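The values are calculated or read from the model by the stated rules, or taken from the named source; none is laboratory data. Source: prediction; values computed, not measured. Neighbour counts are summed over all protein chains in view; Cβ atoms, including those assigned to glycine, are modelled from backbone coordinates with ideal geometry. Only protein heavy atoms, including side chains, enter the accessible area calculation; ligands, DNA and RNA are left aside. Shrake-Rupley method; radii C 1.70, N 1.55, O 1.52, S 1.80 Å.
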Amino acid sequence: MNEQSSRIPSGVIGFDKLVHGGFREHSVNVIIADPGCGKSTFCWQYCSNDLNTPALYVSLEQNINSVLRD
């Protein structure tokens with residue numbers, strides 16, 4: 001199978017190039033990093049790109065008002 005065809009683009013500028021075209025098809029991905037580096041922004045962008053792929057955003061630190069405000 002072609003490496004490129006088994007990937008789903010995130011739609012987040014610059015990210016797909018870093019990960020060779022996007023997320024692996026049928027994969028589960030966890031975004032982990034230090035506070036303030038853009039995890040929530042990345043996940044919000046991915047979920048709002050309407051790429052016809054299921055996405056679930058779970059945050060254990062932020063409340064809904066701060067996510068919608070930011």
Note to self, the chain gives a 222 nm [θ] from helices alone (DSSP H runs n ≥ 4, -39500 (n - 2.57) apiece, / all residues, nearest 500) of -7000 deg cm²/dmol
Over the chain, with neighbouring protein chains present, the accessible area per residue in Å² at probe 1.4 Å is 83 Å²
Carbon and sulfur %, accessible surface of the chain computed with the full protein complex present, 1.4 Å: 55 percent
Separation of the Ser48 and Ser6 label points, Cα + 7 Å toward Cβ, nm: 3.3 nm
Amide hydrogen neighbours beyond the local backbone of Ile8, cut-off 5 Å, H modeled: Phe23, Arg24, Glu25
Sequence of Arg69, Arg7 from largest to smallest accessible area, 1.4 Å probe: Arg69, Arg7
Note the angle between two axes, namely the Cα long axis of helix 39-48 and the longest principal axis of the Cα atoms of the chain, as a number of degrees from 0 to 90, rounded to the nearest 10. 60 degrees
Reported label for calculated Rg and Dmax of the Cα atoms in Å given (1) 11.2, 36; (2) 13.1, 43; (3) 10.8, 29: (2)
So how far apart, in nm, are the two label points at Lys39 and Arg69 if each is 7 Å from Cα heading toward Cβ? 2.0 nm
